[in-house]
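Presented below is the structure to which this report refers.
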Amino acid sequence: MKPEDFILGPRVSRRSALRALASTPVLLLGASDLAAQTNLTGYWVLLISNNDGTFRKSFLYLQQSGSTLTGKIVQGQHAISNGTFRDGRLHFEVVTHYAYQTYRTVYTGRLQGGKIEMQVRRNGGSARTGTAHRTTREAMLPPKPLPLPELRDLPDNGLVRTPPMGWNSWNKFAGRVDDKIVRSVADAMVASGMHKAGYEYINIDDTWEGERDKNGRITSNKKFPDMKALCDYVHSKGLKIGIYSGPGPETCGGYVASFGHEQQDANTYAEWGFDYLKYDWCSAGRIYKNTEMRPVYQKMGEALLKCGRPIVFSLCQYGEDNVWGWGAKVSGNLWRTTGDIKDNWKRMDEIGFSQFAIQHYIRPGHWNDPDMLEIGNGGMTSDEYRTHMSLWCLLAAPLLAGNDLANMSEDTKQILMNREVIAIDQDPAAHPAQLASYVRDQVVAYRKLADGSTAVCLFNRGDHAEEIGLEWSAVGVEGREIQARDLWKHEAVSVSNVHYSTTVPTHGVVMLKVKATA
Ligand code: GLA
């Protein structure tokens, strides 16, 4: 979930936007009411067009005292700052911090005829315009919870015996993803050699959704004119395709989600031809308790098993409620273990190195998901991206590229398509990765592989190149002779049968495949 989504609030369809306005009380004011009218204190609903036939809806609570405005954006409870209201014009800001990034959103507006014509600009980006109307506190309340199924262990759907590999639209394109981009990425997945290297799923993340039709069936918005044709296109390339929703009324981006329509949506995805669903908690948190996540996810797990098409089930609830303990029981194939990744070293490092304690939960068909890859998005050095790739592969994490596959540098291609490193990720034994040593910024970790060899990573999380060493016995490798291969240099390394040490660049990695002869 991103702070900007809270700030701008959920997206709603044109129809429900109009409905929200229609239910807003119209005030007929006499002259004596004019002073009250120009006091902004109260609840407001702000509707901003997404330019795809849908609107983003957010609720504001404003308090005016003289020319000073205070209050909050109700979703996320973000306080407004630097608020003023003078001569019919208002200004305020909202500052949030997430994953080592700061977001400053500036709202400017003009009160006209009881409405506020508003401009919203995030981090100096282009302005989006919308209209705010008065509303009530009650209008903001979430729907009542639905009855939840009795807990039971669902059968395994038999999919993704090795960690899923593919691409997801969110990290690079976020709300800009459309039919054309998805097709171009599918083309590029084949043309670049990514498909041959093992990548298969083309996953559309949030912002594809339109409104529900009169039968409650979900539609796609203007950016996706024909979902079935798009699925057919992706399948014609020999690839598979994924879609996104959530158990609440709205997705994290504020689009329509599956609350109360779980089976109907699963059936629609199957009819369109989707092969993968990422199911994102988000607004369900306003309705259900975190301890109710398992039955909520079970409901969609059951719906997918009944929809008549094999669909990978990807749980996204940021690792709450120890999901690794029950994700497989709701027929989940993978589950996010943390909040969102960002294209910066600190966040990637924080997420990646926090995964070892829960490694023993992985097994064929059921994977911990430390979030999608940022390789090629420009916020990290090549050494940092090699660390990202090595760590995700050592952890047997899903490999979902998050960059623009149609525009990749040679370096990005070499990192994403390093088949020797990918083979570690895809090792059929799915043994857990383990820490051998963790001294200051030096981390040595390893994983036993199906062929009896061992993958070993020497990570340098520090700010200077460092000599890192290990005794082979610390990674369970012992024998008369030891053969080691450097998986980034693609060459054999000559090593003693007792220990090994090498210089590792700042934020870099040396990744070896090691085998002992008795
Ligand atoms: C959440 C998820 C992200 C992405 C966005 C889309 O933040 O964790 O991976 O799906 O929602 O709105």
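The values are calculated or read from the model by the stated rules, or taken from the named source; none is laboratory data. If you're wondering where the values come from, they're calculated on a predicted model, not measured in any experiment. All Cβ positions, even for glycine, are placed from backbone atoms using ideal geometry, and neighbour counts span all protein chains on display. Protein only, heavy atoms only, side chains kept; ligands, DNA and RNA dropped before computing areas. Shrake-Rupley method; radii C 1.70, N 1.55, O 1.52, S 1.80 Å.
Tabulated results
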{"quantity": "Residue list for the stretch 334-372, restricted to those being within 16 Å of the ligand (Cβ to nearest atom), buried (at least 21 other Cβ atoms within 10 Å of the Cβ) and assigned to a loop (DSSP other than H, G, I, E, B)", "calculated": "337, 341, 342, 343, 370, 371, 372"}
{"quantity": "Test: residue in the stretch 141-156 that is open to solvent by 60 Å² or more (accessible area, probe 1.4 Å), closer than 29 Å to residue 344 by Cα and not aromatic (Phe, Trp, Tyr)", "calculated": "no"}
{"quantity": "For residue 400: the one exception among (1) under 17 Å from the mean Cα position of the chain (by Cα); (2) away from the ligand (no atom under 16 Å from the Cβ)", "calculated": "(2)"}
{"quantity": "Residue 275 being within 16 Å of the ligand (Cβ to nearest atom) and among the acidic types (Asp, Glu)", "calculated": "no"}
{"quantity": "Some residue of the stretch 140-161 being among the basic types (Lys, Arg) and under 25 Å from the mean Cα position of the chain (by Cα)", "calculated": "yes"}
{"quantity": "Condition met for residue 149 (within 26 Å of residue 403 (Cβ to Cβ) and in contact with a helix residue (DSSP H, G or I) (Cβ under 9 Å, 6 or more places away or on another chain))", "calculated": "no"}
{"quantity": "Among (1) at pLDDT 95 or above; (2) open to solvent by 30 Å² or more (accessible area, probe 1.4 Å), the one test that residue 137 misses", "calculated": "(1)"}
{"quantity": "Filtered residues of the stretch 192-214 (kept if free of Cβ contacts under 8 Å to residues at least 12 places away in the same chain and within 15 Å of the ligand (Cβ to nearest atom))", "calculated": "none"}
{"quantity": "Residues that are more than 24 Å from the chain's Cα centre (by Cα) and surrounded by 15 or more Cβ atoms within 10 Å (Cβ to Cβ), drawn from the stretch 96-116", "calculated": "106, 107, 108, 109, 111, 115, 116"}
{"quantity": "Residues satisfying the stated conditions in the stretch 385-406, i.e. of a type outside the set (Phe, Trp, Tyr), open to solvent by less than 20 Å² (accessible area, probe 1.4 Å) and part of a helix (DSSP H, G or I)", "calculated": "387, 388, 389, 390, 391, 393, 394"}
{"quantity": "Wholly enclosed strands (runs of 3 or more DSSP E) of the stretch 86-191 bearing at least 2 residues within 16 Å of the ligand (Cβ to nearest atom) and farther than 25 Å from residue 286 by Cα", "calculated": "165-168"}
{"quantity": "Selection within the stretch 49-72 - under 23 Å from the mean Cα position of the chain (by Cα) and open to solvent by less than 30 Å² (accessible area, probe 1.4 Å)", "calculated": "50, 52, 54, 56, 58"}
{"quantity": "Matching residues, the stretch 73-95, being touching a residue at least 40 places away in the same chain (Cβ under 8 Å) and within 29 Å of the chain's Cα centre (by Cα)", "calculated": "73, 74, 75, 76, 78, 94"}
{"quantity": "Meets criteria (modelled with pLDDT of 95 or more, under 30 Å from residue 291 (Cβ atoms) and basic (Lys, Arg)) for residue 144", "calculated": "yes"}
{"quantity": "Residue count for the stretch 375-384, restricted to those that are part of a loop (DSSP other than H, G, I, E, B) and open to solvent by 10 Å² or more (accessible area, probe 1.4 Å)", "calculated": "6"}
{"quantity": "Leading residue by the ranking (farthest from the chain's Cα centre (by Cα)) among those in the stretch 252-269 that are within 16 Å of the ligand (Cβ to nearest atom) and in contact (Cβ under 8 Å) with a residue 60 or more places away in the chain", "calculated": "259"}
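Here's the yes/no breakdown for (1) touching a Gly at 6+ places or on another chain (Cβ under 6 Å); (2) at pLDDT below 95; (3) charged (D, E, K, R); (4) at negative phi:
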{"residue": "71", "(1), (2), (3), (4)": "no, no, no, no"}
{"residue": "74", "(1), (2), (3), (4)": "no, yes, no, yes"}
{"residue": "80", "(1), (2), (3), (4)": "yes, no, no, yes"}
{"residue": "89", "(1), (2), (3), (4)": "no, no, yes, yes"}
{"residue": "109", "(1), (2), (3), (4)": "no, no, no, yes"}
{"residue": "127", "(1), (2), (3), (4)": "no, yes, no, yes"}
{"residue": "161", "(1), (2), (3), (4)": "yes, no, yes, yes"}
